[in-house]
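What follows is a set of notes on a single structure, which appears directly below.
The values are calculated or read from the model by the stated rules, or taken from the named source; none is laboratory data. Note that the coordinates shown come from a computational prediction; the quantities given were computed from them, not determined experimentally. Note: ideal-geometry Cβ built from the backbone for every residue, glycine included; neighbour counts use all protein chains shown. With ligands, DNA and RNA removed, areas are computed over all heavy atoms of the protein, side chains included. Shrake-Rupley method; radii C 1.70, N 1.55, O 1.52, S 1.80 Å.
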Amino acid sequence: GSRDWRGEHDRDGREMGVTVESVVDELAAAANLVAGEGAGGTPVAVVRDLSLDEVGTSDNLFRDVEGDFIRQSLREWSYAGD
């Protein structure tokens, strides 16, 4: 799921117009930091007291082409390699 921050204000009082946070990705990254990797890692991370009531679906993580400057640039880009 995701958390849509658009229309809310950041720490400096500026209105956010683009930020949509992937809560699941954030949890996975935090768990990876805590658990570690390789033979010395801990095989599990426990998350407690997390409410996902305000978390929506991941549908709003995908931008329309009109608002996605990366996809627009990639559509115009071509590679003229050897």
Restricting attention to region 1-19, the residues that are loosely packed, with under 10 Cβ neighbours inside 10 Å and among the β-branched types (Val, Ile, Thr) number exactly 1
Filtering region 30-81 for residues that are modelled with pLDDT under 75 and assigned to a helix (DSSP H, G or I) leaves a count of 4
- Query: Taking the stated definitions as given, is SER22 open to solvent by less than 100 Å² (accessible area, probe 1.4 Å), at pLDDT below 75 and either in contact with a Lys or Arg (Cβ under 6 Å, 6 or more places away or on another chain) or small (Gly, Ala, Ser) (or both)?
  - Reply: no
